[in-house]
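One structure is given below, encoded as structure tokens.
The values are calculated or read from the model by the stated rules, or taken from the named source; none is laboratory data. Only a predicted model underlies this, so the values are computations on that prediction, with no experimental measurement involved. Ideal geometry is used to build each Cβ from the backbone, glycine not excepted, and the neighbour counts take in all protein chains shown. Ligands, DNA and RNA are excluded from the accessible area calculation, which covers all protein heavy atoms including side chains. Shrake-Rupley method; radii C 1.70, N 1.55, O 1.52, S 1.80 Å.
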Amino acid sequence: MVRKIVVENIVASTSIARKLDLEEVAEILEDAKYAPKRFPGLVYKLKKMKTAMLIFRSGKVNCTGAKDLDTVKKSIEHAVTKLGKAGVKVIKKPRIVVQNIVAVYDLGIELNLNSIVRTLGMENVEYEPEQFPGLAYRVNEPKVVLLLFGSGKVVCTGARKIKDVETAIKKLEKELSRAGLFN
């Protein structure tokens, strides 16, 4: 039984135009920061939605900070609408591609990470407690990384769909159950 998975961040990309004049975009989007000597893109933060977008001259956009896909869509739509109303030629309905979902899950038990290293096999596991307190477990299908901590907390990264997170967690629970480390 998979407990509640909490999405902490979704990173998505899209293209909203063929090319953009970032000086003009910075004037249209309030709160936008553009410092081309420091970074080639414009940083646009939406406080209400708690998201940030990196907007590039090529028209490419990376959106981060959202905890659900609806917020990603609304953030991008907000920028597209504002730019379109100001006369900037934009793609009205840009195709959004999720690049990464970071989610947290609690197994509900404390974990002995040393035992788990032996259970999951060295080829899929990285564990160097003197470097990092968590164990990195690479799941091949779906292609994600699960960071396991002694507290029982698991951070999933690399997923592109929530279903991928659920599948990876189920696989982990099954492997740990098989070894008698989780019931």
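Among the residues of the stretch 52-83, the ones that are part of a strand (DSSP E or B), under 19 Å from I101 (Cβ atoms) and open to solvent by 10 Å² or more (accessible area, probe 1.4 Å) come to 5 in all.
Among the residues of this structure, I91 does not count as one that is assigned to a strand (DSSP E or B) and either within 30 Å of I169 (Cα to Cα) or modelled with pLDDT of 95 or more (or both). Can you find even one residue in the stretch 51-70 that is at pLDDT 95 or above, among the aromatic types (F, W, Y) and under 21 Å from V155 (Cα atoms)? Looking for residues that are at pLDDT 95 or above, among the aromatic types (F, W, Y) and under 21 Å from V155 (Cα atoms), one finds none in the stretch 51-70, hence no. Is it the case that the stretch 145-154 has a residue that's exposed (fewer than 14 other Cβ atoms within 10 Å of the Cβ), touching a Gly at 6+ places or on another chain (Cβ under 9 Å) and not hydrophobic (A, V, I, L, M, F, W, C)? Scanning the stretch 145-154 turns up no residue that is exposed (fewer than 14 other Cβ atoms within 10 Å of the Cβ), touching a Gly at 6+ places or on another chain (Cβ under 9 Å) and not hydrophobic (A, V, I, L, M, F, W, C). Residues that are among the hydrophobic types (A, V, I, L, M, F, W, C), open to solvent by less than 70 Å² (accessible area, probe 1.4 Å) and without any contact (Cβ under 8 Å) to a residue 40 or more places away in the chain within the stretch 92-136 comprise L113, V117, V125, L135, A136, listed in sequence order. From the list L20, L54, the lone residue that is farther than 30 Å from V165 by Cα and touching a residue at least 12 places away in the same chain (Cβ under 8 Å) is L20.
Of note, K48 satisfies the criterion of being more than 14 Å from the chain's Cα centre (by Cα) and either touching a residue at least 40 places away in the same chain (Cβ under 8 Å) or open to solvent by 20 Å² or more (accessible area, probe 1.4 Å) (or both). Do we have any residue at all in the stretch 19-38 that's in a strand (DSSP E or B), hydrophobic (A, V, I, L, M, F, W, C), over 29 Å from C156 (Cα atoms) and under 24 Å from the mean Cα position of the chain (by Cα)? Yes, there is a match, as at least one residue in the stretch 19-38 is in a strand (DSSP E or B), hydrophobic (A, V, I, L, M, F, W, C), over 29 Å from C156 (Cα atoms) and under 24 Å from the mean Cα position of the chain (by Cα).
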